[in-house]
Amino acid sequence: MGVDKGDTEDAGWDVDPEDEQGAAVLAALGRQLRAWRESAGLRSADFGTAIGYGEDLVRKIEAGKRIPRPEYLDKADEVLRAGGRIAAMKADVEPIRYPKKVRDLAKLEARAVEVGVYSTHVVHGLLQISDHARALFEMRQPSYTQDEIERYTAARMARQSLFTRSPAPAISFVHEASALRRPIGGTAVWRRQLEHLLEVGRLRNVSLQVMPNSCETHAGMDGGIEILKFGDGTAVGRSEGAFNGRPVSDPKRLRILELRYGIIRAEALTPRESRDFIEELLGET
């Protein structure tokens, strides 16, 4: 079976050089895959042909320098007759498919019992559909590689498991109206994005509000805010325009962010008014 470069590159992602945990997992995975292949008496080139990928990719994965996608491990399990033992490694690879900073954020979100978000320029990542997220990553400067775009998009989508978690956290969003008028990704993508906002806003544990451009007073002029509260009473927050944009967890600084966020929510349209606003935008597209 012929394999072109596109197939080879699409079968995995590069390893983040700063991700020591991920590198260790991939090194162990690579050694096991190589041992299985050699026990089967297959050269890397023959094995690559058998599973439909190039020899270069096989060597990179066995050297722990490339993150295999789930289908690669499924095919390897079938060809090497591993009886599900190679396919089972997908559970080990899944957490490291995404960049470390995204994994760290996802861990915090997974612990949160309450999430508060004020977003300024774009729809917040937890609310983005994949095509909208991909369009945002494609316009980043300096530009991302296609590999990075796909990896970051997948990571952003994975974080949205927060909405289906049980017990569900209480989540509130406030978005600037101007951010909801910018059709990033094109009209078709933007319609689906607005429809998704309405869908998520109907969840019982989610409050979605819009900050109108006509608001004369505004407590969020210093930038976006995110606050995560946990079951043990602790919390962490971050704001672009406070404390050098760094995460904070001490009560005094958190109170400042909570004060600003509380005022922002009070100044914004109510959830019902916000839903009407988004429906009106949808009718205009």
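The values are calculated or read from the model by the stated rules, or taken from the named source; none is laboratory data. In this text, all values refer to a predicted model and were calculated from it rather than measured experimentally. Because the Cβ atoms are built from the backbone with ideal geometry, glycine has one as well, and the counts that use them run over all protein chains shown.
Restricted to region 211-239, and to residues there that are touching a residue at least 24 places away in the same chain (Cβ under 8 Å) and among the charged types (D, E, K, R), the residue that is farthest from residue 176 (Cα to Cα) is 229. In region 109-121, the count of residues that are of a type in the set (D, E, K, R) and at pLDDT 95 or above is one or more. Among the residues in region 57-74, are any in a helix (DSSP H, G or I) and small (Gly, Ala, Ser)? The answer is no, given that none of the residues of region 57-74 is in a helix (DSSP H, G or I) and small (Gly, Ala, Ser).
Each row is one residue, and each column tells you yes or no for (1) touching a residue at least 12 places away in the same chain (Cβ under 8 Å); (2) of a type in the set (A, V, I, L, M); (3) farther than 14 Å from residue 87 by Cα.
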{"site": "34", "(1), (2), (3)": "yes, no, yes"}
{"site": "38", "(1), (2), (3)": "no, no, yes"}
{"site": "49", "(1), (2), (3)": "yes, no, yes"}
{"site": "53", "(1), (2), (3)": "yes, no, yes"}
{"site": "57", "(1), (2), (3)": "yes, yes, yes"}
{"site": "60", "(1), (2), (3)": "yes, no, yes"}
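Among the residues of region 79-93, those identified as free of Cβ contacts under 8 Å to residues at least 24 places away in the same chain and part of a helix (DSSP H, G or I) are 87, 88, 90, 91.
Residue pairs whose Cβ atoms lie under 7 Å apart, separated by 6 or more positions or on different chains, with the first residue in region 177-190 and crowded, with 18+ Cβ neighbours inside 10 Å and the second part of a loop (DSSP other than H, G, I, E, B), are 177/212; 177/213; 190/183; 190/184; 190/285. In region 169-285, counting only strands (runs of 3 or more DSSP E) that sit wholly within it, the ones holding 3 or more residues that are within 22 Å of the chain's Cα centre (by Cα) and more than 16 Å from residue 123 (Cβ to Cβ) span 225-230, 235-239. Of everything in region 1-29 that is within 20 Å of residue 85 (Cα to Cα) and surrounded by fewer than 14 Cβ atoms within 10 Å (Cβ to Cβ), the residue that is modelled with the lowest pLDDT is 24.
To keep it simple, each residue is scored yes or no on (1) within 30 Å of residue 254 (Cα to Cα); (2) surrounded by fewer than 19 Cβ atoms within 10 Å (Cβ to Cβ).
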position: 31; (1), (2): no, yes
position: 43; (1), (2): no, yes
position: 68; (1), (2): no, no
position: 80; (1), (2): no, no
position: 90; (1), (2): no, yes
position: 99; (1), (2): yes, yes
position: 110; (1), (2): yes, yes
position: 117; (1), (2): yes, no
position: 127; (1), (2): yes, no
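Here is a check on your reading of the model: is residue 135 outside the structural domain of residue 66 (by TED's automatic domain parsing), within 27 Å of residue 268 (Cβ to Cβ) and assigned to a loop (DSSP other than H, G, I, E, B)? Taking the combined requirement at face value, the residue does not satisfy it. For region 15-56, the set of residues classified as over 33 Å from the mean Cα position of the chain (by Cα) and outside any helix (DSSP H, G or I) consists of 40, 41, 42, 43, listed by residue number. Residue count for region 242-285, restricted to those that are surrounded by 17 or more Cβ atoms within 10 Å (Cβ to Cβ) and among the acidic types (Asp, Glu): 2.
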